[in-house]
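Read the figures in this text as sums done on the coordinates, not as results from a lab. Given the structure is predicted, the values throughout are model-derived calculations rather than measurements. Cβ placement follows ideal geometry from the backbone for every residue including glycine, while neighbour counts extend to all protein chains displayed.
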Amino acid sequence: MWRLFLFLLLSISTLSAKPLNLMLLEQYKDQNIDGWVMSEKLDGVRGFWDGKQLLSRQGYPLTPPDYFVQGFPPFAIDGELFSERNKFDEISATVRANKKGWHKLKLYVFDVPNAEGNLFERLAVLKQYLEQNPTPYIEIIEQIPVKNKEHLNQFFSQIQSLKGEGVVIRNPNSPYIEGRSAQILKYKTILDEECRVVAHHKGKGKYADKLGAITCENHRGQFRIGSGFKDKDRENPPPINALITYKYRGLTSTGKPRFATFWRIRSDVIEEIH
């Protein structure tokens, strides 16, 4: 019995992990980007290869099949586990629930953190390694020099037309910076549309006895919105049948808004949602 308890205790301890101090993006707000580069922002799952194992952003070991990481380099690379656009739910299920489907994924690499030099020189280290050790499961993300802001906006419009998530813009002369950095920016559009409130749900914890979430309904069906509310909104929530505007970032595989966030009550619109 004691051995069983010890085994369970050790098993639980291995589940704890320390979040990795990875490079994180700030928002693009029309900053000066002279001499910068751009690439498509892939809507996948962050994957960090530390030279021995593949880790999540939170520092948890991922469990890809042996064939997937065979030939991966003995040095760190940072990237996104991705297959194709509008497949986030499928990618996430494969990576986090250890489901079949790893053969559809690649680690799309955007930096080699511990290499020397600028971004192009760092990526060249991986490129040289892959020439000698090819693998179908690593791909280096192309970094396109930005000619001007018109060029950036054209590229952004192209990615949007392909239903991509957005664009990453970065200073290629910057080193790999741990944590959030103004040297790497994300440029993406937050979508919005309307829905009608059909139910209120009480909150928990600090929101006990206040609004926790609402159920909303429109042409996409019913779905919950639990974020974006200010304290005054939680104390005096949008009434049942009120029309509200919410922001969201694309759709799930079931056609529901992803990351739906309350924005405002649309008191100026009275027609029904179709």
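The table below gives the values:
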read-out: Electrostatic dipole magnitude of the chain [Cβ: Lys, Arg +1; Asp, Glu -1; Cα centre; debye, to 20]; value: 920 debye
read-out: Rounded to 5, the percent of DSSP beta bridges in the chain classed as antiparallel; value: 85 percent
read-out: Over segment 75-201: Rg over Rh, Cα atoms, Kirkwood Rh; value: 1.03
read-out: Exposure proxy ranking, count of Cβ atoms within 10 Å, fewest first, for V109, V125; value: V125, V109
read-out: Theoretical gain in end-to-end length, K99 to N32 [0.36 nm per residue, Cα-Cα removed]; value: 19.8 nm
read-out: Among F120, P64, Q154 the positive-end extreme of the charge dipole of the chain (Cβ point charges); value: P64
read-out: By average C-beta atoms within 10 angstrom, highest first, the peptides 186-192, 131-137, 71-77; value: 71-77, 186-192, 131-137
read-out: Percentage of interatomic Cα-Cα distances in the chain larger than 36 Å; value: 29 percent
read-out: Charge dipole (debye, nearest 20) of segment 127-274; +1 at Cβ of Lys and Arg, -1 at Cβ of Asp and Glu; value: 400 debye
read-out: Sorted by Cβ neighbour density within 10 Å, fewest at the top, the residues D30, D111; value: D30, D111
read-out: Dipole moment magnitude, nearest 20 debye, segment 56-171 about Cα centre, only Lys, Arg, Asp, Glu C-beta charged; value: 340 debye
read-out: Across K41/K202; K18/K186; K18/K100; K41/K127; K206/K256, pairs whose alpha-carbon gap is larger than 32 Å; value: K41/K202
read-out: Mean Kyte hydropathy of 0.0 or more with a Cα span along the axis of at least 24 Å, helices from DSSP in the chain; value: none
read-out: The chain - mean residue ellipticity at 222 nm from DSSP helices (-39,500 (n - 2.57) per run, n ≥ 4, rounded to 500); value: -6000 deg cm²/dmol
